[in-house]
Amino acid sequence: MVKSFPLPRKFYNRPTLTVARELLGARLVHISNGKKLVGLITETEAYFGFDDLASHAKAGRTIRTDPMFGEAGHAYIYFTYGNHWMLNAVTEKEGFPAAVLIRAIQPIEGIDLMMKRRQGRDTFGPGKLTQAMGITKSQNYADLTEPTSPLRIEAGIKIPNKIVTIGARVGLNKTPEPWFSKPWRFLVKDWKIDF
């Protein structure tokens, strides 16, 4: 098997939409209780800038949003709906609030443990994938570019445009237009990798 390395900081220090698209096919890795869990990223959403009314950054820099304003390539993890952890990869230059929400993965290593945690259910949802991989607030600010980090994102496989759907972000509730309909969600469609 070819050894995979974490994506470098310069990968994240680019426009958020570019990073969101190019994270498709990357390997999300979490070392959990000595067990290596890996999933290929299959869905992402971009959130960036103070003007994006769907982004937490609209409230400014707070204790919760602080990671979004930090150095690119770190994790921003927050709790939502009373029971879900959400994993984001911070993007762009320091001081500018931007991140990519990891919305779905296809498990490829440590599948048994992930399926046990999910009681056999899928990992296609941001709260579902964090539950499967055991990702919680304790990994907030984790350096995703560090080879020894228990939470990192490694180079994976290239996903062709023909199987990527681009559309509006989901779960935005009462977010006003034009932010509600911005085509900032990237999804691998009708496709499964066989290993």
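The values are calculated or read from the model by the stated rules, or taken from the named source; none is laboratory data. Source: prediction; values computed, not measured. Neighbour counts run over all protein chains shown; Cβ positions are idealised from the backbone, glycine included.
Points worth noting:
- Members of the range 118-127 found to be crowded, with 19+ Cβ neighbours inside 10 Å and either of a type in the set (Lys, Arg) or under 17 Å from Ser32 (Cβ atoms) (or both), listed by number: Thr123
- Scanning the range 162-180 for residues that are part of a helix (DSSP H, G or I) and over 21 Å from Leu23 (Cα atoms) returns Trp179, Phe180.
- Which numbered condition Asn83 misses (of (1) crowded, with 19+ Cβ neighbours inside 10 Å; (2) more than 19 Å from Trp179 (Cα to Cα); (3) over 11 Å from the mean Cα position of the chain (by Cα); (4) not aromatic (Phe, Trp, Tyr)): (1)
- Looking across Gly167, Gly134, one residue alone is surrounded by fewer than 22 Cβ atoms within 10 Å (Cβ to Cβ), of a type outside the set (S, T, N, Q), over 13 Å from the mean Cα position of the chain (by Cα) and within 24 Å of Ser55 (Cα to Cα). It is Gly167.
- Among the residues of the range 61-84, the ones that are modelled with pLDDT of 95 or more, of a type in the set (A, V, I, L, M, F, W, C) and in a strand (DSSP E or B) come to 2 in all.
- Gly49 touching a helix residue (DSSP H, G or I) at 6+ places or on another chain (Cβ under 6 Å) and of a type in the set (Gly, Ala, Ser): no
- Residue count for the range 103-142 under the criterion of being touching a residue at least 60 places away in the same chain (Cβ under 8 Å), within 19 Å of Phe79 (Cα to Cα), not in a helix (DSSP H, G or I) and not hydrophobic (A, V, I, L, M, F, W, C): the result is 5.
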